[in-house]
Amino acid sequence: MSYPNSMATMSNTLETDLQTLQQEAEKEITAVDSLEALEQLRINYLGKKGKLSQILRGMGKLSAEERPRVGSLANEVKESLQSHLDNQRNSLETAKLKAQLAAETLDVTMPGVSRPLGRLHPLNSTVDRVLDIFVGLGYQVATGPHIETDYYNFEALNIPPDHPARDMQDTFFLTENVLMRTHTSPVQIRYMETHEPPIRIVAPGRVYRRDTVDATHSAVFHQVEILAVDKGLTFTDLKGTIKEFLTQMFGEELPVKFRASYFPFTEPSAEVDVQWKGKWLEVMGCGMVDPNVLKAVGYDPEVYTGFAAGLGIERFAMVLHQIDDIRRLYNSDIRFLSQF
Ligand code: 2U9
């Protein structure tokens, strides 16, 4: 049995078409340079409506003997195209990853952007040192409002209206009865009103006095005051406490002098001088709490005694760091501040 010529031609044509398709496709696949274009090629050649399917549609017309031959060639072509597609996808994906890695490379050895560290202002570090010493001696830190009433700032501290002692602290009044505190002492009054002895407190804070600003005066400055109230406290306890504080503050035991003075809220009162680098410096004031102050907060002065002391933080910072003008502490000049 022989086949009509047309059939032989049909199978030859299909085989040639398949081979041409393979050559063309493989050339295009190897030349493509993006994953998107590669996917488009896959659809064009191997997709449902792709070129391979179109050629294979002609297989229906083949004889039963020819069909397996063309069929197996078609499979070979399909597998070859598939493996070319896979190879090309792999190399494109590898190239893409490499490019991405190169673009995202971090040089971990590159020096960072330097950000200068901040630091404490010398007033704050001085307050901190003072507080640390008193906390070490068993004192508790107490704070209170900057805006006070006449009662807490003056009357409870044994400074009645029209008393000449008021002239010692020119005051910023907000109303007749309300003012900017001239010392941190109202903090201790408030604390005593709400606590029973024994008490040991240290009160740091900003205070306000009408003052003409010069190298040693400022209308706004900082104080730390201490107060201890207990049964049997004497001037000896006060002296021992202040000597210990000054020894820790200056880092060595220095000659200390207690010079009689006057404060309305203490009796007796004293100024404290310390000899440092050959000079006597007045560094703080102190005294035994006046019985009138204890009475004002409801403590019985026949049962309890107390001692108190106060110091100006600016004065201490200036002495310790040899600062010649108080205004340097408020100007925020970084060349000055970065020295501390
Ligand atoms: C209460 C009772 C007594 C606090 C005291 C001083 C002496 C003193 C000055 C130092 C320099 C103020 O900053 S300064 O100008 N202070 O000399 N302060 S006794 O006495 C008190 C406080 C509170 C209830």
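The values are calculated or read from the model by the stated rules, or taken from the named source; none is laboratory data. Since the model is a prediction, treat every value here as computed from it, not as a measurement. Note: ideal-geometry Cβ built from the backbone for every residue, glycine included; neighbour counts use all protein chains shown. To get the accessible areas, we keep the full protein, side chains included, count just its heavy atoms, and leave off ligands, DNA and RNA. Shrake-Rupley method; radii C 1.70, N 1.55, O 1.52, S 1.80 Å.
Residue 41 passes every criterion in (1) surrounded by 10 or more Cβ atoms within 10 Å (Cβ to Cβ); (2) assigned to a loop (DSSP other than H, G, I, E, B) apart from (2).
Where helices (runs of 4 or more DSSP H) fall wholly inside region 227-340, the ranges with 2 or more residues that are at pLDDT 95 or above and open to solvent by less than 60 Å² (accessible area, probe 1.4 Å) are 235-250, 291-296, 313-321.
Please verify whether residue 190 is assigned to a strand (DSSP E or B), within 14 Å of the ligand (Cβ to nearest atom) and of a type outside the set (A, V, I, L, M, F, W, C), treating the condition exactly as stated. Give the steps one after another, and end with the answer.
On the way: assigned to a strand (DSSP E or B): no; within 14 Å of the ligand (Cβ to nearest atom): yes; of a type outside the set (A, V, I, L, M, F, W, C): yes.
No.
Under the condition of being touching a residue at least 60 places away in the same chain (Cβ under 8 Å) and either among the aromatic types (Phe, Trp, Tyr) or away from the ligand (no atom under 12 Å from the Cβ) (or both), the residues counted in region 270-304 number 4.
Given the options 53, 114, name the one that is open to solvent by less than 70 Å² (accessible area, probe 1.4 Å) and either part of a helix (DSSP H, G or I) or within 30 Å of residue 337 (Cβ to Cβ) (or both).
Details: 114 fails: open to solvent by less than 70 Å² (accessible area, probe 1.4 Å).
Exactly one of 53, 114 is open to solvent by less than 70 Å² (accessible area, probe 1.4 Å) and either part of a helix (DSSP H, G or I) or within 30 Å of residue 337 (Cβ to Cβ) (or both), namely 53.
Is it the case that some residue within region 154-162 is within 11 Å of the ligand (Cβ to nearest atom) and more than 20 Å from residue 269 (Cα to Cα)? For region 154-162, residues within 11 Å of the ligand (Cβ to nearest atom) and more than 20 Å from residue 269 (Cα to Cα): absent.
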